[in-house]
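To keep things clear, I will list the structure first and then write my remarks on it.
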Amino acid sequence: MATGRGTSGPTKRDRREEARETARKMREEAAKKAKRRKVIVQSSVIVGIVAVLAIIGVVIFTSVGGAGSSAANPKNMASGGLLLTSPTTATETPAIKSGAQPTPTKMELDGKTAHIQIWLDYQCPYCDQFETTNNSQIKQWLDEGSATLEIHPVAILDSSQNKQYSTRAGAAMACVANSQPSKFFDLNAALFANQPDEQTGTGLTNAEILKIFKDNGVDSKSITDCVNNQTYADFITNMTQDATTNSQLKNPTSGGFGTPTVFVNGERYQGGFTNAEQFAAFKDAAVKDAGSGKTITFPTAS
């Protein structure tokens, strides 16, 4: 009788090959999983970086003003500057609304009134020269009613050495514009009379600024708190950015913005800062050139 044989099991060689195949498949699967994890990690990192950059962008955008800025803005400086019609009379305006831009001043030309606009930095020595040279005659013109004066404090000379004096002084004057604008003209002159040296000075401290204010009749808790808290520092930063990016305020000779920048009835003064007669002659010519019966807005919004 024939004896039947059943099917024999896998040989040792077969088992070895099967084990190799299984190991190969496991390595491939592990490699696929590692690749998927790498993609996920890279994607997460990219998303994280984008999120951080977005946050930084928001912080920077908010800090420089423009739409969405939450900076505190003073009253009576809707144009970015304080408009004086006499040494002790300022044009009252509401504060610039949060996120809004300054409103350029409209000037009614009558053929006899000089509308003087000055962008200045309280650390700027040339601004001091212009102020010292022309303060008396500008005051006389204001008293006579033959001129108006719009003062725009900006800060382009901040440094670690002067402890950001340009911004601090400008912000302090914004406090005055907000609370006691009738004192602005005198305090503007007083800050220049006490201007620290640009090269070696460390800038006046807030206490020293407040002492100058007090000596000139401005002494109140609201002013003291405003100066010490630098309530309007961001306002000065924003108005500086506005001035430095406005093409109408750029000096055609240098191609950039500098201080002092002076206009009369929309015409740029490019004469000497220490020659009162030259500025007076320019003022008279600018009034004559502008004529009367027109309204101009200067500068137009950047």
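The values are calculated or read from the model by the stated rules, or taken from the named source; none is laboratory data. Computed from a prediction, not measured in an experiment: that's the story for all the values here. FYI the Cβ positions are ideal-geometry reconstructions off the backbone, even for glycines, and counts take in every protein chain you see. Note: accessible area is taken over every heavy atom of the protein model, side chains too, but ligands, DNA and RNA are not part of it. Shrake-Rupley method; radii C 1.70, N 1.55, O 1.52, S 1.80 Å.
Cα-Cα over 29 Å: which of K250/K283; K112/K250; K214/K283?
Values: K250/K283 20 Å; K112/K250 27 Å; K214/K283 33 Å.
Result: K214/K283 exceed 29 Å.
Full extension from T85 to E144: what is 0.36 nm times the residue separation minus their Cα-Cα distance, to one decimal in nm?
Values: separation 59, 0.36 × 59 = 21.24 nm, distance 1.00 nm.
20.2 nm is the gain from fully extending T85 to E144.
Based on the mean of other Cβ atoms within 10 Å per residue, sort peptides 165-171, 264-270 so the most packed one is first. Walk me through the intermediate numbers first.
On the way: 165-171: 26.0, 264-270: 17.4.
Output ranking for 165-171, 264-270: 165-171, 264-270.
Over region 224-263, with every protein chain in place, what whole percent of the accessible area is carbon and sulfur at 1.4 Å, could you tell me?
On the way: 720 of 1690 Å².
Carbon plus sulfur share of accessible area: 42 percent.
Need the C-alpha centroid separation for region 69-119 versus region 285-301, integer Å.
16
How large is the accessible surface per residue of region 93-196, computed with a 1.4 Å probe and reported in Å² as a whole number?
Working: 3890 Å² over 104 residues.
I get 37 Å² per residue for this part.
Could you tell me how far the Cα centroid of region 147-167 sits from the Cα centroid of region 170-221, in Å?
11
Which percent of the accessible heavy-atom area of region 153-208 goes to carbon and sulfur, probe 1.4 angstrom? Kindly include the intermediate steps, with their values, before the conclusion.
Values: 970 of 2100 Å².
In region 153-208, the share of accessible area belonging to carbon and sulfur is 46 percent.
Treating only the Cβ of Lys, Arg, Asp and Glu as charged (+1, +1, -1, -1), what charge dipole size does region 200-265 show about its Cα centre? Round to the nearest 20 debye.
Values: 4 positive and 6 negative charges, 25 e Å.
With Lys and Arg at +1 and Asp and Glu at -1, about 120 debye.
To the nearest 0.05, what FRET efficiency results for S98 and E277 with a Förster distance of 51 Å applied to their C-beta separation?
Details: r = 45 Å, r/R0 = 0.88.
Efficiency computed from Cβ-Cβ geometry: 0.70.
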